[in-house]
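Take a look at the structure set out below.
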Amino acid sequence: MIYREAGQFKTTYASDQAIFPIVQDRWVALLFLAAAFIVPPLVANEYWLQAVLIPFLIYSLAALGLNLLTGYAGQLSLGTGGFMAVGAYSAFKLTTAFPALSIVIVFLLSGVIAAAVGLLFGVPSLRIKGFYLAVATLAAQFFLVWLFNKAPWFVNYASSGTITAPPRTLFGVTVTGPEATAPARYLMAL
């Protein structure tokens, strides 16, 4: 890179494997992170936050998870959306069923539920790999989407099929529900 100064050598294996091995890389990453927290809530309007940036953050999270599976394990999964839906629906059902539960606990429990469903589909497919694993995860994706569309319990028996999260606060700021502002939702997604 053109910004690297002389004398920054890697002397250990751990420093060679570091995500940000160069000091300038760490500062640039921290600057981008600070800018992501500060600039969009102050500059972007509600449309950009709700329709562009929040879905971008959600899809980025899915891509990070898929990168772990594909990049480190070498396996291909086509069912990522289904397992994300399990996490989303379980978060919705936990917030509606247990109104006093903290949103942090809801997110942690939703991750555990999504992992359990992933384990339910993953254990039978332990011996397969490659193309067949991709087909098995695709089957899981189709089954989960079918289940969420056919079982009205997942949408609290709403005739329209839409779900609205009840209001939840984090550090005194409403981050979900109709009363939550777009910047608060963006910061929660970030």
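Please treat every number below as a calculation from the coordinates, not as lab data. Quick caveat, the model's predicted, so the values are computed rather than measured. Note: ideal-geometry Cβ built from the backbone for every residue, glycine included; neighbour counts use all protein chains shown.
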Proximal lysines relative to residue 10, as straight alpha-carbon distance under 21 Å, when same-chain residues fewer than 8 apart are discounted: none
Among 44, 73, 36: highest mean-square fluctuation, GNM of the chain, C-alpha pairs under 10 Å: 73
Environment charge of residue 165, counting only residues whose C-beta is closer than 14 Å and scoring Lys/Arg +1, Asp/Glu -1: +2
Partner lysines for residue 150 [C-alpha distance under 17 Å; skip if fewer than 8 residues away on the same chain]: 93
Relative contact order of the stretch 3-124, pairs being alpha-carbon contacts under 8 Å that are 6 or more residues apart, as %: 14 percent
Highest-fluctuation residue, 19, 105, 54 considered, GNM on the chain with Cα pairs under 10 Å: 19
Placed amide H near residue 175: partners under 5 Å, 5+ positions off or other chain: 168, 169, 170
